[in-house]
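In what follows, a structure is listed as structure tokens, so that the remarks can point back to it.
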Amino acid sequence: MKTLYVSDLDGTLLHSDETLSPFTIQTINELVSKGILFSYATARSYVTASKATKGITAALPLIVYNGAMIIHNNTGEKLKFNRFADDVHNLLRDLLLHEVYPLVYSLREGRERFSYIPSRCSRGMNAFLSTREGDPRRNPVQGVEDLFQGEVFYITCIDENEKLLPLYRRHGAAYHTVYARDFYSGEQWLEFMPRETSKANAVHQLKEMYGCSRVVAFGDGTNDLDMFRMADECYAVENAAEELKRIATGVIPSNDKDGVAQWLKTIM
């Protein structure tokens with residue numbers, strides 16, 4: 001009986017300083033060398049996830065952008081890609097109408113870009129962008145129409161709760177939406193994806209690709225809820241959201257105590 005093991009990154013596999021411990025790297029690499037099927041499902045892009053997980057030998061494809069893409073780990077090839085329909089332009093116009101200027105992720109001529117208007121960035125947006133210096137996906141634009149270009153697949157808003165909550169309530173049901181505080185900065189984020197985009201759907205696709213009969217998942221945040229609900233076993237780290245702990249098979253030590261690697265060590 002083949003089992004697929006899938007972990008979230010930030011707040012789960014990664015320490016609070018966005019690094020992996022030598023213990024976690026060694027444990028996962030030993031498991032992979034023995035044929036254990038391990039991957040991760042993250043809100044990060046392939047670019048930033050690869051940097052954060054340097055040292056891990058991940059033989060399976062990786063789930064990024066909360067399930068918007070499944071990426072071949074060695075080649076960067078997009079095995080699955082979910083994009084918005086053209087009606088996403090109505091959502092963008094409403095965000096802009098309410099003076100919320102998002103980061104818009106799209107494929108432009110086959111290359112990933114996140115577009116934004118520098119003069120309209122919120123404090124939280126500027127803080128986020130400061131962590132993405134040198135990122136080849138950065139695409140500062142001058143006008144709002146430039147935000148609409150390309151194949152849009154992900155929209156991130158970072159602003160005050162008072163501005164974002166009404167937009168979440170108005171549009172949340174039409175899309176797959178994540179409304180949560182950022183693990184590192186504490187800033188309020190509102191993220192929109194196509195309805196079919198989710199970690200759960202991507203994990204299911206990965207499960208089918210490799211003929212697995214079971215899924216064991218690890219996570220910490222509300223964006224892991226759908227993945228937990230579809231998994232056969234699911235483990236929340238001690239620092240996880242209470243909502244996630246309530247539906248978990250069990251609670252394991254925190255991300256800073258290598259809870260996932262400690263659990264995985266027990267199956268070696």
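The values are calculated or read from the model by the stated rules, or taken from the named source; none is laboratory data. Everything numeric here is computed off the predicted structure, so don't read it as measured data. Please note: Cβ atoms are built from the backbone with ideal geometry, for glycine as well, and neighbour counts cover all protein chains shown. These area figures cover heavy atoms from the full protein model, side chains too; ligands, DNA and RNA do not enter into them. Shrake-Rupley method; radii C 1.70, N 1.55, O 1.52, S 1.80 Å.
Here residue 171 fulfils each of the conditions (1) open to solvent by less than 50 Å² (accessible area, probe 1.4 Å); (2) closer than 15 Å to residue 99 by Cα; (3) modelled with pLDDT of 95 or more; (4) not in a strand (DSSP E or B) apart from (2).
Only one entry in 227, 209 is buried (at least 24 other Cβ atoms within 10 Å of the Cβ) and among the aliphatic types (A, V, I, L, M), namely 227. Residue 79 satisfies every condition listed in (1) under 21 Å from the mean Cα position of the chain (by Cα); (2) closer than 30 Å to residue 61 by Cα; (3) not in a strand (DSSP E or B) except (3). Scanning the range 15-60 for residues that are touching a residue at least 24 places away in the same chain (Cβ under 8 Å), closer than 28 Å to residue 155 by Cβ and among the hydroxyl-bearing types (Ser, Thr, Tyr) turns up 16, 39, 40, 42, 45, 46, 48, 53.
Looking at the range 187-195, is at least one residue out of contact with any helix residue (DSSP H, G or I) (no Cβ under 8 Å at 6 or more places or on another chain) and surrounded by fewer than 17 Cβ atoms within 10 Å (Cβ to Cβ)? Scanning the range 187-195 turns up no residue that is out of contact with any helix residue (DSSP H, G or I) (no Cβ under 8 Å at 6 or more places or on another chain) and surrounded by fewer than 17 Cβ atoms within 10 Å (Cβ to Cβ). Among the residues of the range 182-237, those that are assigned to a strand (DSSP E or B) and over 25 Å from residue 35 (Cα atoms) comprise 188, 189, 190, 191, 192, 193. Only one of the numbered conditions (1) open to solvent by 10 Å² or more (accessible area, probe 1.4 Å); (2) of a type in the set (A, V, I, L, M, F, W, C); (3) in contact with a Pro (Cβ under 9 Å, 6 or more places away or on another chain) is not met by residue 81, and that is (3). Considering only the range 108-125, state which residues are within 20 Å of the chain's Cα centre (by Cα) and either small (Gly, Ala, Ser) or open to solvent by 20 Å² or more (accessible area, probe 1.4 Å) (or both). Hits for the range 108-125 are 111, 112, 113, 115, 124.
Just so you know, in the range 61-78 the residues that are in contact with a Ser or Thr (Cβ under 8 Å, 6 or more places away or on another chain) and in contact (Cβ under 8 Å) with a residue 60 or more places away in the chain include one that is surrounded by the fewest Cβ atoms within 10 Å (Cβ to Cβ), and it is 61. The set of residues in the range 25-52 that are of a type in the set (S, T, N, Q), buried (at least 19 other Cβ atoms within 10 Å of the Cβ) and at pLDDT 95 or above comprises 27, 39, 42. Scanning the range 133-143 for residues that are in contact (Cβ under 8 Å) with a residue 24 or more places away in the chain and part of a loop (DSSP other than H, G, I, E, B), we see that the one that is most open to solvent (accessible area, probe 1.4 Å) is 142.
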